[in-house]
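The structure appears below as structure tokens.
The values are calculated or read from the model by the stated rules, or taken from the named source; none is laboratory data. Keep in mind that this is a model prediction, so the values were computed, not measured. Every residue, glycine as well, gets a Cβ built from its backbone with ideal geometry; the counts of neighbours run over all protein chains shown.
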Ligand code: F6R
């Protein structure tokens, strides 16, 4: 059963999500934390950095695994997800860089990189809590509509919708610059996390969130495949919740 918390705006979502994560770390300092990139979690990372500065949370023993990375971008490319994570969170807290994992976009053998990523997650004991966003087309990580429920970390093609959403000037300003492929954790990889925390903010996410939570699970909306997870929390703002069935 999913727990849905609706807050006024994105700032409140960021504060609540950061408090949720910090509380999990404080309960288990060796937490294995799954992370996402994109606009949605940026505020949450800012809040986590603030909580760290004020002495309210330490990442010293935390291990992290990110969802995805663009194929072809190295960690020093400003649009790579490794770069994003360093800038938004890792460089601002006391995490051991060796305990942070983002699939490598420049691995010589991307398929082997994906298999190794799954093995690294298993070797860490699995993910305790995975922070997630949702795409306007219902994607989670780069699991685009049609992704199999039993999918694992693999190389995928980005859809035109996702390329358009990511070239609106927030990250890339021209669609031609967005890589066409990515390495992504699969739906099964994500579902195996012991807890999931999905964030959604803004009206652009309202239809996807409605589809993900109020309709029967379907491959057309990858996020809907997470519905049956036994520990799923959604924190969203009023705009993203505007099409949700009353609960
Ligand atoms: C990125 C990821 C994606 C984003 C989604 C929403 O690691 O997993 O699924 O969560 O594309 O992106 P934003 O937050 O930019 O709207």
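Restricting to strands (runs of 3 or more DSSP E) lying wholly in the range 1-115: which have 2 or more residues that are over 17 Å from the mean Cα position of the chain (by Cα) and closer than 20 Å to residue 134 by Cα?
Numbers: elements: 2-7, 32-35, 63-66, 68-70.
Filter on the range 1-115 gives 2-7.
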Does residue 239 satisfy being farther than 25 Å from residue 24 by Cα, assigned to a helix (DSSP H, G or I), in contact (Cβ under 8 Å) with a residue 24 or more places away in the chain and in contact with a helix residue (DSSP H, G or I) (Cβ under 7 Å, 6 or more places away or on another chain)? no
Pairs needed: first member in the range 29-44, more than 7 Å from the ligand (Cβ to nearest atom); second member anywhere, assigned to a strand (DSSP E or B); C-beta distance under 6 Å; at least 6 residues apart or different chains. 32/63; 33/64; 33/129; 34/65; 34/130; 35/64; 35/66; 35/131
Looking at the range 138-162 only, could you name the residues that are farther than 21 Å from residue 110 by Cα, outside any helix (DSSP H, G or I) and more than 9 Å from the ligand (Cβ to nearest atom)? 138, 145, 146, 149
Residue list for the range 196-230, filter: outside any helix (DSSP H, G or I) and either crowded, with 20+ Cβ neighbours inside 10 Å or within 12 Å of the ligand (Cβ to nearest atom) (or both): 196, 197, 198, 199, 200, 201, 202, 221
Looking at (1) within 12 Å of the ligand (Cβ to nearest atom); (2) part of a loop (DSSP other than H, G, I, E, B); (3) crowded, with 21+ Cβ neighbours inside 10 Å, which one does residue 193 not meet, given that it meets all the others? (1)
When residues of the range 80-97 are limited to those that are out of contact with any strand residue (DSSP E or B) (no Cβ under 7 Å at 6 or more places or on another chain) and farther than 16 Å from residue 31 by Cβ, the one surrounded by the most Cβ atoms within 10 Å (Cβ to Cβ): 84
Considering only the range 116-137, state which residues are surrounded by fewer than 20 Cβ atoms within 10 Å (Cβ to Cβ), more than 16 Å from the ligand (Cβ to nearest atom) and in a loop (DSSP other than H, G, I, E, B). 124, 125, 126
Which listed residue is modelled with pLDDT of 95 or more and touching a strand residue (DSSP E or B) at 6+ places or on another chain (Cβ under 8 Å), from 148, 207, 200: 200
Regarding residue 176, is this residue closer than 30 Å to residue 109 by Cβ, more than 15 Å from the chain's Cα centre (by Cα) and within 15 Å of the ligand (Cβ to nearest atom)? no
Here are some residues: 174, 154, 194, 247. Which one is modelled with pLDDT under 95 and touching a strand residue (DSSP E or B) at 6+ places or on another chain (Cβ under 8 Å)? 247
